Each structure stands twice: as structure tokens, then as C-alpha cells.
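Each remark here refers to the structure printed beneath this line.
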Amino acid sequence: MTPLAAKRPLQLNDQGQLRHFLSLDGLPRELLTEILDTADSFLEVGARAVKKVPLLRGKTVCNVFFENSTRTRTTFELAAQRLSADVISLNVSTSSTSKGETLFDTLRNLEAMAADIFVVRHADSGAAHFIAEHVCPNLAIINGGDGRHAHPTQGMLDMLTIRRHKGDFENLSVAIVGDILHSRVARSNMLALKTLGCPDIRVIAPKTLLPIGLEESYGVRVFTDANEGLKDVDVVIMLRLQRERMQGGLLPSEGEFYRLFGLTEQRLKLAKPDALVMHPGPINRGVEIESAVADGPQSVILNQVTYGIAIRMAVLSMAMSGQNAQRQLNAEEAN
């Protein structure tokens, strides 16, 4: 590792601009605010008759999904298309890796096809970092979710949703409810809320779905009683129960979880009257949330999907700009 690489965070170029988007951990408040401000400006594009801006014209964005996710993949595709990029979506489970090709070889072949940005979703924590550091450092790498580790664009679209409906973060109480143990969304949200100055972050879950040391690591308050934890909050973020990541009997039943932690109309009354209801999707109705709440007047779940396109447009354009600036800087130094 060169001294320059040693002192520069992997996600940023020498000028402190975003060049990869891998995690919210360690990113400064100013940069998160810049992402939110940029996304705000892109929301107007979605309301136009022609939903296009030329920022990534001539660039190629590859969605490389080792895990299925219709919603995340589709919003990244739309975001790239609205920026006028060419888009390739690769379902890796049915491609060359199923024939024995390694992750390294798959990505190197895509790089040889002159891709500019990889959006990577992978079941292993740290996969996006590995790709950015060791496989394709000269391409912009966007983390579309890696294992239990991080889902930074989901975290940022949740922050945009909160900011557009509540304004400042500095007087808010936000509750994150459900399967915290397996949730990369919860980790990204806790980091983003803390960085943006939210003073009261509450985590609500059964003990079996709580990681150890959460208070110390993230500066949150932990509740195992949903009724107590939801009292007077401004925002409720429900999480999906991730059965596919669970091992062993972490829950007695989904019915028992709903009885104790599900967001019903009655339980929502414990929060402030104008509290927002959020969910990253897909929703398990009658498990995490009552249909009347998911479809009710306090729900902004569909708004989150709309804001997700704008956030992903912001991240794609900023990362490409940061990579271009670094290439120019390297060329000037070489001369």
C-alpha cells in the first residue's frame, strides 16, 4: 500500500469527494448532507415528461447482483437510465459463476468490457469493500447490500424520507423495530442518524434479535418492550423479519412476534400523532406491520421507493465525478 492510499479513506478521492459508496461508516456529515441535497435536486427529474439528464451519458453501469432483489436492482436501473447511462444487469446466480468462474474473474471480464460503475449486492459482508480495494479500484463501486454489514443507499433514502417530512434531525426521536441482528438496513440507519445529529435513536427487538454491544457501538437506546420504546417517537422504521438469514429458534413464531412487536394501529398511538411509518420492503403484512398501518395516512413507505431513485441517482453521479477527478489528478501528477 502506498502512503497516499494509506492516508486516504477507500471511499473518497484525494479531494475528499465520493469515489466509491460502500458504507456510511466514517463518512462526514457534510458528505451525507451533500448526497441528500443532490438527491433533492433529482426528485424534480422524476416529475418531468422526459425523465433524463445527461450526467452519465456514454458511461456504463453494471448491476452485479449475487443476491436477488427486484426493488433495489430496479431502482438502480431507473436511476442509471435517468442519468443517461447504458445499463447492464447481471443475474450472477444464472451466469458464469454457476459454471465455476470466480467473483474475481467475473468482475475482471466486466471491467474489460469498459464498464464504469459496478453496483454490487452480495450475501457476504465486506464483498463490496473487497472489490473496491483489490479487484476494480479504478471503477466506482456502489454497495447494493452486503450480508449483514451495510445497505448505504437504503440508509440514505430513509434519511431523505425523514428530512423531507420532518426537516431537521436534531430534535427527532427515531425507533428502529424488528430483526436488528440480521439487518444491514438497521446498521446503515443507525450510522446515518448518528452522523446527521439525531439525539434519540431507539432500537426495539426481542433479545434474540439484538446484537451484543449495540449501545456502545452505535450510541442507541435498546428496548425489548415495544410499547415502552415507541412512546412519543417521531419516526418508526419497521424492519423485515429475515427468515433466510436466521439459524435456529430465534423466534417462537411469527404470530408471537406480531403480538409483541408488530406495528398495529393501537401500538402506533403510543408514538406522536404525526409520527412517520417507514419500512424498507418487502413488507410481511400481519407479521411486522398491520395492513391498516402500512396503507394508512402516516405511512411513507411508497415515498421511500420514489426517494430511492433520487438517492441512487445522486450516489451514481457523485461517485463517477469523484473517480473522474481522481483520474485527472493522477494524470497531472504523472506529468
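The values are calculated or read from the model by the stated rules, or taken from the named source; none is laboratory data. Only a predicted model underlies this, so the values are computations on that prediction, with no experimental measurement involved. Neighbour counts run over all protein chains shown; Cβ positions are idealised from the backbone, glycine included. Just so you know, the surface numbers come from the protein's heavy atoms only, side chains and all, with ligands and any DNA or RNA stripped out. Shrake-Rupley method; radii C 1.70, N 1.55, O 1.52, S 1.80 Å.
Which order, highest average first, do 194-206, 261-273, 25-37 follow once you tally other Cβ atoms within 10 Å for each residue and take the mean per peptide? Can you show the working numbers first?
Working: 194-206: 19.8, 261-273: 17.4, 25-37: 15.8.
The most tightly packed comes first, giving 194-206, 261-273, 25-37.
In vacuo Debye scattering of the stretch 23-79, one point per C-alpha: log10 I(q)/I(0) at q = 0.12, 0.19 Å⁻¹?
Here log10 of I(q) over I(0) equals -0.43, -1.01.
Going down the table (166/194; 207/272; 166/231; 166/207), which pairs top 27 Å between alpha carbons? All intermediate terms of the calculation are to be shown ahead of the outcome.
Details: 166/194 16 Å; 207/272 25 Å; 166/231 18 Å; 166/207 30 Å.
In this structure, 166/207 exceed 27 Å between Cα atoms.
Run the accessible area of the stretch 271-335 with a 1.4 Å probe and give the carbon-and-sulfur part as a rounded percent.
The value for the stretch 271-335 is 52 percent carbon and sulfur by accessible area.
Over the alpha-carbon set of the chain, work out the extent along each principal axis and list the three values in angstrom, largest first.
Ordered largest first, the chain gives principal extents of 65, 44, 43 Å.
How are the C-alpha pair distances of the stretch 83-235 spread across 5 Å bins, as whole percents from the shortest bin up?
The distribution over the stretch 83-235 is 2, 8, 15, 17, 16, 12, 10, 9, 7, 3, 1, given as percents.
Given a 1.4 Å probe, how much area per residue of the stretch 144-185 is accessible, in Å²?
Values: 950 Å² over 42 residues.
The answer is 23 Å² per residue.
Report, to the nearest whole %, how much of the accessible area of the stretch 114-213 belongs to carbon and sulfur atoms, 1.4 Å probe, protein only.
Values: 1380 of 2790 Å².
Answer for the stretch 114-213 is 49 percent, counting heavy atoms of protein chains only.
Could you tell me which of rounded, prolate or oblate describes the stretch 176-328, using a ≥ b ≥ c as the square roots of the eigenvalues of the alpha-carbon gyration tensor, with rounded for a/c under 1.5 and, failing that, prolate when a/b is larger than b/c and oblate otherwise?
Details: a/c = 1.75, a/b = 1.52, b/c = 1.15.
The shape class here is prolate.
Kirkwood hydrodynamic radius, computed over distinct alpha-carbon pairs, for the stretch 122-205: how many Å, to one decimal?
Working: mean 1/r = 0.0725 Å⁻¹.
Evaluated over the stretch 122-205, this radius sits at 13.8 Å.
Hey, if we sort 218, 307 by accessible area with the 1.4 Å probe, largest down, what's the order? Let's see the in-between values first.
Details: 218 45, 307 25 Å².
Reading off the accessible areas and sorting them downward yields 218, 307.
Hey, could you grab the Kirkwood Rh for the stretch 38-156? Inverse mean 1/r over distinct alpha carbon pairs, Å, one decimal. The partial results should precede the final answer.
On the way: mean 1/r = 0.0672 Å⁻¹.
Evaluated on the stretch 38-156, it is 14.9 Å.
Over the stretch 8-86, give the accessible area per residue in Å² for a 1.4 Å probe, as an integer. Don't skip to the end; give the middle numbers.
On the way: 3570 Å² over 79 residues.
Result: 45 Å² per residue.
Could you pull out every whole DSSP H run in the chain that spans at least 27 Å of Cα extent along its own axis and averages 0.0 or higher on the Kyte-Doolittle scale? Walk me through the intermediate numbers first.
On the way: long enough: 301-334 (49 Å, 0.14).
Helices meeting the span and hydropathy rule in the chain are 301-334.
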